[in-house]
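> Quick one: structure below, then a few questions.
The values are calculated or read from the model by the stated rules, or taken from the named source; none is laboratory data. Bear in mind the structure is a predicted one, so any value in this text is a computation, not a measurement. Glycine also receives a Cβ, built like all others from the backbone with ideal geometry; neighbour counts cover every protein chain displayed. Ligands, DNA and RNA are excluded from the accessible area calculation, which covers all protein heavy atoms including side chains. Shrake-Rupley method; radii C 1.70, N 1.55, O 1.52, S 1.80 Å.
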Amino acid sequence: MENRKLILSFETSCDETSIAVIENGDTILSNIVATQIDSHQRFGGVVPEVASRHHIEQITHCLNEALETAKVDYNDLSAVAVTYGPGLVGSLLIGVTAAKAVAFAHDLPLVPINHMAGHIYAARFVDQFKYPQMALLVSGGHTEIVYIESEYDFKVLGETRDDAAGEAYDKIGRVLGVNYPAGKTIDEWAHEGHDTFNFPRAMEKDDNYDFSFSGLKSSFINTVHNAEQREEKLDTKDLAASFQQSVIDVLASKTERALADYPVKQLVLAGGVAANQGLRDRIEKDLNQKFSNVQLLMAPLKLCGDNAAMIGAAGQVAFDHKKRTDMSLNAVPGLSF
Ligand code: KG4
Ligand code: ZN
């Protein structure tokens with residue numbers, strides 16, 4: 001057991017309480033995820049106060065279950081890793097406090113992890129990382145293109161100037177009466193419809209790597225409301241397909257632009273929206289056709305959403321890079337790379 005490196009990791013940045021045990025940075029011994037979706041659904045989005053309360057209720061159960069499932073004890077651990085931002089301050093604080101308590105009580109090193117770095121490392125369970133590397137990170141809170149020249153060295157090339165892609169999915173989903181989070185259902189509907197509305201593709205041709213989804217969202221909502229006023233029934237599947245095509249077109253074209261300007265060995269696709277089948281298919285096709293020397297690493301479907309396994313994988317690498325923090329660690333809601 002000598003060379004067995006075990007990281008206990010905590011993720012509570014939004015509405016999942018998750019704790020994992022990761023062996024040698026690439027093997028999941030346990031990954032407990034307690035989701036709160038049911039509690040937030042009736043509000044149409046995450047209510048921060050409700051989220052914090054759930055984390056408090058769940059965290060000890062998740063911790064015990066993570067250790068039991070992995071069949072390990074605190075004495076077996078090499079370090080504790082925790083998400084300290086970006087995210088909801090109250091939610092983050094529960095994970096940070098729990099991780100600090102474990103690290104202090106068992107005299108373990110404490111490793112601070114950026115949630116977005118964690119998302120990238122969900123793809124580490126697919127294959128080893130090679131550099132330079134690019135990542136397209138698409139989630140409910142973020143949409144960004146990150147260039148990683150060498151291990152654990154992140155540079156944001158571009159990001160959304162307003163809504164994140166997942167946020168846009170959830171907002172238009174609400175207009176169509178889809179429960180939060182709406183991404184998966186809209187994705188399914190999109191596959192049954194056609195792009196007949198031709199919504200705007202904001203910033204698609206701009207000479208940068210940034211995104212904007214609020215214009216698309218407004219255009220979608222106006223289209224639906226205008227039809228309602230005229231008592232006209234629009235095809236929901238076509239609306240979903242048109243919205244999704246617009247999102248995918250801009251994500252894919254900005255990623256292509258970045259890949260052309262910054263040659264890399266791998267492209268990582270990660271974050272909650274990376275579960276989108278239309279996006280996965282499109283990026284795969286683009287890479288095959290135009291960047292056949294770039295290896296595509298798509299986060300496994302089960303690890304696209306928030307989870308502690310990805311934090312543990314990032315945690316091992318950060319630990320090897322001697323990243324450490326102490327009991328003064330605080331949550332940083334607006335943390336960037
Ligand atoms: O990464 P994540 O779990 O949480 C954040 O860190 O934000 O992402 C959640 C987001 C939600 O907005 C959800 O609607 C979206 O991911 N999502 C999807 C799909 N599955 C989840 N969006 C598009 N297509 C999907 N299949
Ligand atoms: Zn996330």
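> Ordering LYS171, LYS302 by how much accessible area each has at a 1.4 Å probe, largest first, what is the list?
The ordering from most to least exposed comes out as LYS302, LYS171.
> While we're looking at this one, here's another question. Computed over the Cα atoms of the chain, what is the ratio Rg over Rh, Rh following Kirkwood?
Taking Rg over the Kirkwood Rh, I get 0.99.
> In terms of modelled amide H atoms, which long-range or inter-chain residues lie less than 5 Å from the amide H of GLN266?
It is MET134, GLN295, by chain and number.
> I've got another one for you. Going by a ≥ b ≥ c, the root eigenvalues of the Cα gyration tensor, does segment 1-121 fall in the rounded group (a/c under 1.5), the prolate group (a/b larger than b/c) or the oblate group? Walk me through the numbers on the way to the answer.
On the way: a/c = 1.91, a/b = 1.83, b/c = 1.04.
Note, shape of segment 1-121 comes out prolate.
> Then there's this: I want to check the label-to-label distance for ASN198 and ASP107. Put each point 7 Å from Cα in the C-beta direction and report it in nm to one decimal.
Placing both labels 7 Å along Cα→Cβ, they lie 7.1 nm apart.
> Related question: If you average the sequence gap of Cα pairs under 8 Å that are 6 or more apart and divide by the length of the chain, what percent do you get for the contact order?
About 26 percent, as a whole number.
> How much of the accessible area of segment 265-337, probe 1.4 Å, is carbon plus sulfur, in whole percent?
Ligands and nucleic acids excluded, carbon and sulfur give 49 percent.
> Give, in nm to one decimal, the length gained when the segment between THR185 and GLU149 is fully stretched (0.36 nm per residue of separation minus the Cα-Cα distance).
Details: separation 36, 0.36 × 36 = 12.96 nm, distance 3.59 nm.
Roughly 9.4 nm would be gained on extension.
> Using a simple charge model, +1 on the beta-carbon of Lys and Arg, -1 on the beta-carbon of Asp and Glu, nothing else, what dipole does segment 218-329 show about its Cα centre, in debye to the nearest 20?
So the magnitude is around 500 debye.
> Once the Cβ-Cβ distance between ARG161 and THR27 is put in as r, and R0 is 41 Å, what FRET efficiency do you end up with, to the nearest 0.05?
With a Förster radius of 41 Å, E is 0.60.
> Can you give the convex hull volume per residue for the Cα atoms of segment 127-298, as a whole number of Å³?
Given the Cα convex hull of segment 127-298, per-residue volume reads 106 Å³.
> So what is the relative contact order for segment 127-298, in percent, with contacts set as C-alpha pairs under 8 Å and at least six apart?
Over segment 127-298, the number comes to 29 percent.
> How much of TYR169 can a 1.4 Å solvent probe reach, expressed as accessible area in Å² and rounded to 10?
10 Å²
> Leaving ligands, DNA and RNA out of it, work out the accessible area of HIS142 with a 1.4 Å probe and give it in Å² to the nearest 10.
Accessible area of HIS142: about 50 Å².
> Next question, about the same structure. Along the Cα→Cβ direction, 7 angstrom out, place labels at PHE43 and SER292. What is the inter-label distance in nm?
With each label point 7 Å from Cα toward Cβ, the separation is 5.1 nm.
> Whole number in Å², please: accessible area per residue of segment 127-298, 1.4 Å probe, ligands, DNA and RNA not counted.
45 Å²
> Which ³J(HN,Hα) values, rounded to whole Hz and listed in residue order, are derived for segment 114-128 from phi using the Karplus coefficients 6.51, -1.76 and 1.60 in 6.51 cos²θ - 1.76 cosθ + 1.60 with θ = phi - 60°, glycine and proline given as x?
Couplings: 7, 3, 6, 4, x, 3, 4, 6, 4, 7, 5, 7, 8, 6, 5 Hz.
> With a point put 7 Å past each Cα toward its Cβ, work out how far ASN222 is from ASP127 in nm, to one decimal.
Here the modelled spin labels are 4.4 nm apart.
> How do VAL250, VAL332 rank by accessible surface area computed with a 1.4 Å probe, from largest to smallest?
So, going from the largest accessible area down, we get VAL332, VAL250.
> Calculate, in nm to one decimal, what ASP76 and THR60 gain on full extension: separation in residues at 0.36 nm each, minus their alpha carbon distance.
Additional length available on full extension: 3.9 nm.
> Take CYS14, CYS304 and sort them by solvent-accessible surface of the protein heavy atoms, 1.4 Å probe, largest at the top.
CYS14, CYS304
> Quick one: putting +1 on the C-beta of Lys and Arg, -1 on the C-beta of Asp and Glu, what dipole do you get for the chain around its Cα centre, in Debye to the nearest 20?
Magnitude of the dipole: close to 280 debye.
> Accessible surface of TYR209 in the full protein assembly, 1.4 angstrom probe, to the nearest 10 Å²?
Roughly 40 Å² of TYR209 is accessible to a 1.4 Å probe.
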